[in-house]
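Report on the following structure.
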């Protein structure tokens, strides 16, 4: 009898826990980022400028690497051409 | 068109919840579109090279892979900067972001295999290119399939009805990025063609008595 009562109490407790958890109010202390005081908010401009600047700089760097690699290949081709010509003579 | 894009973006109205930082969206979205195009080119060209042994496919594939890394880096960095302001974090290990990073790493691996893989590495890399391209639809749909903090694909679809001017600016930037991608691809393929020509000259010189 006592054992059965204990099991029933534990069962009720376990079954009720999720329901109670679901009824809990929102965690206190949470403040959405948009509602922060102005001095606590991140300014947007550096992120926007940073994003656009990164794309432009990376693009210029990539074009420079292509130009450099192409220049190297052309230089090697000219050297090879000269070698071939001197070989033919 | 690419140079004029910032002017178009500056003249577009502000989004009502994120204001200024939302303007990162135009280059962020366009970067991922160019990235998808680069990955598609790499995947198809890799298949052409693998199954038809056409060297032009290999040249196109390596150019596509390199551009996929470039545009992927644009997307990841701009997304991170946007996320820092909008979500309060530089990075979040959610499905979309993690899968995009993995795809980026696959194409970094593609280039590493080609550079250090020795003889036959082109074919191994072509296999990686095909599998890398196969990730694209999963990455695109990841925001709809899994719970993630990244906005869903419907945001872009609905933009045409809710904010036509923003949609116009987005299309303008996307076309600009796709044209930029096409130009870079042409230049990069030209570099590969010249390299192939150089290899042919070296072989011809070695064959001479």
Of the residues that sit in the stretch B:8-33 and are modelled with pLDDT of 90 or more and more than 11 Å from chain A (Cβ to nearest Cβ), which one is farthest from residue B:66 (Cα to Cα)? B:29
Does the stretch B:126-149 contain at least one residue that is part of a helix (DSSP H, G or I), under 18 Å from the mean Cα position of the chain (by Cα), loosely packed, with under 14 Cβ neighbours inside 10 Å and in contact (Cβ under 8 Å) with a residue 40 or more places away in the chain? yes
Here's a check for you: in the stretch B:81-113, which residue that is buried (at least 19 other Cβ atoms within 10 Å of the Cβ) and within 14 Å of chain A (Cβ to nearest Cβ) is nearest to the chain's Cα centre (by Cα)? B:104
Just checking, which of B:171, B:180 is within 14 Å of chain A (Cβ to nearest Cβ), modelled with pLDDT of 90 or more, part of a helix (DSSP H, G or I) and surrounded by 13 or more Cβ atoms within 10 Å (Cβ to Cβ)? B:180
State all residues of the stretch A:57-89 that are out of contact with any helix residue (DSSP H, G or I) (no Cβ under 9 Å at 6 or more places or on another chain) and facing another protein chain (nearest Cβ under 7 Å); if no residue qualifies, say none. none
Which numbered condition in (1) away from chain A (no Cβ under 14 Å); (2) under 17 Å from the mean Cα position of the chain (by Cα) is the only one that residue B:188 fails? (1)
Looking at the stretch B:85-102 only, could you name the residues that are touching a helix residue (DSSP H, G or I) at 6+ places or on another chain (Cβ under 6 Å) and part of a helix (DSSP H, G or I)? B:85, B:95, B:96, B:99, B:100
Can you pull out the residues in the stretch B:1-21 that are in a helix (DSSP H, G or I) and touching a residue at least 60 places away in the same chain (Cβ under 8 Å)? B:5, B:8, B:9, B:21
Take the residues of the stretch A:33-48 that are within 10 Å of chain B (Cβ to nearest Cβ) and either loosely packed, with under 12 Cβ neighbours inside 10 Å or at pLDDT 95 or above (or both): which is farthest from residue B:34 (Cα to Cα)? A:34
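Can you find even one residue in the stretch B:71-78 that is at pLDDT 90 or above, buried (at least 20 other Cβ atoms within 10 Å of the Cβ), closer than 18 Å to residue B:21 by Cβ and more than 17 Å from the chain's Cα centre (by Cα)? Break it down into steps so the answer makes sense when it comes.
From the stretch B:71-78, those at pLDDT 90 or above are B:71-78; that's our starting set.
Still in the list and also buried (at least 20 other Cβ atoms within 10 Å of the Cβ): B:71-72, B:74-75, B:78.
After this cut, where a residue has to be closer than 18 Å to residue B:21 by Cβ as well, the list is B:74-75, B:78.
Subset that is more than 17 Å from the chain's Cα centre (by Cα): none.
The answer is no, given that none of the residues of the stretch B:71-78 is at pLDDT 90 or above, buried (at least 20 other Cβ atoms within 10 Å of the Cβ), closer than 18 Å to residue B:21 by Cβ and more than 17 Å from the chain's Cα centre (by Cα).
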For the stretch B:58-66, state whether one or more residues are assigned to a helix (DSSP H, G or I), within 24 Å of residue B:27 (Cβ to Cβ) and without any contact (Cβ under 8 Å) to a residue 12 or more places away in the chain. no
Somewhere in the stretch B:36-55, is a residue within 14 Å of chain A (Cβ to nearest Cβ) and over 16 Å from the mean Cα position of the chain (by Cα)? no
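The values are calculated or read from the model by the stated rules, or taken from the named source; none is laboratory data. Owing to the predicted nature of the structure, the values given are computational and were not obtained by experimental measurement. Ideal geometry is used to build each Cβ from the backbone, glycine not excepted, and the neighbour counts take in all protein chains shown.
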